[in-house]
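Notes follow the structure.
None of the figures in this text is laboratory data; all of them are computed from the coordinates on show. From a predicted model like this one, the values you see are computed outputs, not experimental measurements. Heads up, the Cβs are rebuilt from the backbone with ideal geometry, glycines too, and the neighbour counts pull from every protein chain shown.
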């Protein structure tokens, strides 16, 4: 994948964060965006537990895990109230956004459409300068994800150590 600027997020509601998150606010950190639906078997069995492990294991690193509940089917049963209960029951602690619904008649939420996601689960890796570096639909093999996150975090840490062009 050729790195390019990650599209802005469009969220109608946030959980597990005191204020909405933006890519601009997360600049300098690697972002792992986990797009999911609570009725998606692959999300519940693999994606959410994987995102929870990453958030826990990399808590002291320049990495932020962000969930995006991006509902493109079964809209009536997967609203924010049901999601709030789901997040509590599954003990999801990382920030989670509710993807903003598409315009009337469009079943695809705005962030899902902006990223060209094919479904859920989808993992999106965004580097510390805000570029989309990887997008994986379906199960993301743990070892590959760890490798890819390691590369992005090493880049972020190296950038922090380099003197800026404005330093004397």
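Comparing 122, 22, 111 in a Gaussian network model of the chain, where Cα atoms under 10 Å apart are tied by springs, the biggest mean-square fluctuation is seen for 22.
Structural descriptor for segment 4-160: relative contact order 35 percent, calculated from alpha carbon pairs under 8 angstrom and at least 6 residues apart.
So how tilted is helix 142-161 from the main axis of the chain? Cα-based, degrees 0 to 90, rounded to 10. It is inclined by approximately 40 degrees. The C-alpha atoms of the chain define a longest principal axis, and helix 80-89 lies at about 70 degrees to it. Here the Gaussian network model covers the chain, with springs between Cα atoms less than 10 Å apart; of 17, 64, 120, 17 fluctuates the most.
Seen against the Cα atoms of the chain and their longest principal axis, helix 48-57 is set at about 30 degrees.
Counting beta carbons within 10 Å around each of 4, 69 and listing the fewest first gives the order 4, 69.
The calculated 222 nm mean residue ellipticity attributable to helices in the chain amounts to -8500 deg cm²/dmol, summing -39500 (n - 2.57) over DSSP H runs of n ≥ 4 and dividing by all residues.
Among beta bridges identified by DSSP and lying wholly in segment 4-160, the antiparallel ones come to about 60 percent. Shown for 90, 115, 140: other C-beta atoms within 10 Å of each C-beta, ranked fewest to most, produce the order 90, 115, 140. As a proxy for reagent exposure, 106, 60 were ordered by neighbouring Cβ count within 10 angstrom, fewest first; the result is 60, 106. Taking one quarter of the surface of the C-alpha convex hull of the chain gives a mean projected area of 10.5 nm².
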